[in-house]
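A short write-up of the structure that comes next.
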Amino acid sequence: MGESIIIPAKGGGSFSAYMAMPARTPAPCVIVIQEIFGVNERLRDKCDSLAKEGFIAVCPDLFWRIEPGIELTDQTKAEWARAFELFKAFDVDKGVEDLRAAAHTFRGHANGNGKVGCIGYCLGGKLAYLMATRTNIDSSVGYYGVGLGALTGEALRIKNPLMLHIAETDEYVPVEEQTQIKKALAGNRFVTIHSYPGLDHAFSRVGGKHYDAEGAKLADSRTLEFLRRNLGLAMAA
């Protein structure tokens with residue numbers, strides 16, 4: 001269903017992205033923000049699934065400044081080690097800059113309706129939060145974002161809808177940090193937070209160690225309804 005495209009970067013250069021188009025246009029765009037494994041088969045499948053739901057779905061290669069085209073899984077120790085090397089080398093501010101470039105590209109896309117949202121997972125969940133605090137993106141969804149506790153000072157900048165999915169037994173986000181995040185965002189009318197008791201980090205990653213089919217189904221249904229409502233997409237026919 002999808003294809004590889006090139007997006008121009010701010011200040012020069014360009015990066016690739018996987019794009020899947022819906023059967024009917026004009027349609028809103030959803031930027032799918034990668035985990036630490038690059039643009040792999042799971043994320044391409046996610047884009048294809050979103051396209052079937054009526055969205056233009058695009059997943060940019062955010063590791064292009066380090067190693068273009070990296071594609072890993074979570075199935076071997078060697079791939080995990082490489083993924084964490086990439087995570088440590090990744091420049092978050094540059095990542096937001098690249099996502100802003102992708103949003104700009106698709107806000108004016110010939111097949112778009114002018115609306116752009118994003119969904120991010122793990123590292124991508126952090127970036128989805130930052131897209132909500134630092135850009136004018138129309139809607140953002142973060143799944144088990146890491147490092148949000150250090151970014152709660154940006155919460156007052158959120159001016160468009162943001163949904164966060166928090167795994168209550170997340171091995172990378174302690175309960176104390178989860179409480180801090182919820183407290184910082186409490187009362188913000190743009191923010192919706194869903195907590196998932198008993199679920200661990202990456203509970204929606206198909207084939208992952210902590211994958212939970214029911215939890216993933218619930219989170220994804222909430223996400224779809226949220227994006228449809230905020231990006232101007234009627235229920236799929």
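For region 119-237, which strands (runs of 3 or more DSSP E) that fit wholly inside it have 1 or more residues that are small (Gly, Ala, Ser), under 15 Å from the mean Cα position of the chain (by Cα) and closer than 26 Å to PHE90 by Cβ?
Numbers: elements: 139-143, 162-167, 191-196.
It comes to 139-143.
Residues in region 17-56 that are among the acidic types (Asp, Glu) and farther than 27 Å from TRP80 by Cα: 1 in all. Within region 5-51, being without any contact (Cβ under 8 Å) to a residue 60 or more places away in the chain, over 18 Å from the mean Cα position of the chain (by Cα) and not in a loop (DSSP other than H, G, I, E, B) holds for ILE5, ILE6, SER14. If you check VAL175, VAL141 for being among the β-branched types (Val, Ile, Thr) and touching a residue at least 24 places away in the same chain (Cβ under 8 Å), only one passes: VAL141.
Of these, ALA102, ALA17, ALA51, ALA27, which one is closer than 23 Å to ALA216 by Cα, at pLDDT 95 or above, among the small types (Gly, Ala, Ser) and surrounded by 20 or more Cβ atoms within 10 Å (Cβ to Cβ)? Give the derivation first.
On the way: ALA102 fails: closer than 23 Å to ALA216 by Cα; ALA17 fails: closer than 23 Å to ALA216 by Cα; ALA27 fails: closer than 23 Å to ALA216 by Cα.
So the residue among ALA102, ALA17, ALA51, ALA27 that is closer than 23 Å to ALA216 by Cα, at pLDDT 95 or above, among the small types (Gly, Ala, Ser) and surrounded by 20 or more Cβ atoms within 10 Å (Cβ to Cβ) is ALA51.
Of everything in region 60-91 that is among the aliphatic types (A, V, I, L, M) and outside any helix (DSSP H, G or I), the residue that is nearest to THR105 (Cα to Cα) is LEU62.
Between HIS210, HIS201, which is touching a Cys at 6+ places or on another chain (Cβ under 8 Å) and either farther than 26 Å from CYS29 by Cβ or modelled with pLDDT under 95 (or both)?
Details: HIS210 fails: touching a Cys at 6+ places or on another chain (Cβ under 8 Å).
Sole residue among the options that is touching a Cys at 6+ places or on another chain (Cβ under 8 Å) and either farther than 26 Å from CYS29 by Cβ or modelled with pLDDT under 95 (or both): HIS201.
Taking region 181-193, which residues are of a type outside the set (Gly, Ala, Ser) and surrounded by 14 or more Cβ atoms within 10 Å (Cβ to Cβ)? Break it down into steps so the answer makes sense when it comes.
Let us first name the residues in region 181-193 that are of a type outside the set (Gly, Ala, Ser), namely 181-183, 185, 188-193.
Those that are of a type outside the set (Gly, Ala, Ser) and surrounded by 14 or more Cβ atoms within 10 Å (Cβ to Cβ): ILE181, LYS182, LEU185, ASN188, PHE190, VAL191, THR192, ILE193.
Would you mention how many residues in region 138-163 are hydrophobic (A, V, I, L, M, F, W, C), under 18 Å from ASN230 (Cβ atoms) and out of contact with any Lys or Arg (no Cβ under 8 Å at 6 or more places or on another chain)?
The total comes to 3.
Within region 187-212, residues that are of a type in the set (Lys, Arg) reach partners that are part of a loop (DSSP other than H, G, I, E, B) and surrounded by 14 or more Cβ atoms within 10 Å (Cβ to Cβ) with beta carbons closer than 9 Å, at six or more positions or on different chains, in the pairs ARG205/GLU35; ARG205/ASP74; ARG205/CYS122; ARG205/TYR211; LYS209/ASP74; LYS209/ASP200; LYS209/ALA202. Of everything in region 105-118 that's within 14 Å of VAL58 (Cβ to Cβ) and in a strand (DSSP E or B), which residue is modelled with the lowest pLDDT? So the residue we want is GLY112.
The values are calculated or read from the model by the stated rules, or taken from the named source; none is laboratory data. In this text the structure is predicted, and so the values were computed from the model without any measurement. Don't worry about glycine lacking a Cβ; one is built from the backbone with ideal geometry, like all the others, and counts go over all protein chains shown.
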